[in-house]
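The values are calculated or read from the model by the stated rules, or taken from the named source; none is laboratory data. Given the structure is predicted, the values throughout are model-derived calculations rather than measurements. Positions of Cβ are generated from backbone atoms using ideal geometry, with glycine treated the same way; all protein chains shown enter the neighbour counts.
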Amino acid sequence: MTYNKLIIANEAISNQWAQVETQYQRRFDLIPNLVESVKGVMAQEQKIFGELADARSRYTGASGASQKAEAATQVEGALSRLIAVMENYPQLKSSENVQTLMAQLEGTENRISVERKRYNDVVQDFNVTIKKFPTSIVANQLGYSAKNYFEAEAGTEIAPKVDLQNK
């Protein structure tokens, strides 16, 4: 029974991480459309476009949840800079395409947040389970160890600064 319980808990983590990745993929599918919609008006923001492309590539090449979470955090940083810059362009804010894409991106960011929380919840359940006696004995014998929570990278709580005067 303990073995089966551990298998179920471990698979719940894998399943929930797949849900997080599904939302990341949705984000990555939206980014090129958003970038193309704003490129013409924001030609001087090529650095941000490059950062988004690089972070997206890092995510695609990452192996494991930790590397993918780190790459996804880099995407979030570049996206926040892009959004901050976009807010300073009234002609962009009034574009229907940009508004639609931004609404979809905001919805995706909310979905990612929900899926990350669910992931952390199943990780917590698993970690508590493998630490409880007598399950801890079986978990140790089978090589199960605590899983890492999804955590935001240090510095992501600081809003990006945009200075359009020095362009």
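So that you can scan it fast, the table gives a plain yes or no per residue for (1) under 25 Å from residue 8 (Cβ atoms); (2) at pLDDT below 75; (3) of a type in the set (Gly, Ala, Ser); (4) surrounded by fewer than 15 Cβ atoms within 10 Å (Cβ to Cβ):
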| site | (1), (2), (3), (4) |
| --- | --- |
| 62 | no, no, yes, no |
| 72 | no, no, yes, no |
| 91 | no, yes, no, yes |
| 108 | no, no, no, no |
| 124 | yes, no, no, yes |
| 131 | yes, no, no, yes |
| 138 | yes, no, no, no |
| 145 | yes, no, yes, yes |
| 149 | yes, no, no, yes |
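Against the test of being out of contact with any Cys (no Cβ under 7 Å at 6 or more places or on another chain) and at pLDDT below 75, the options 5, 39, 68 yield a single qualifying residue, 39.
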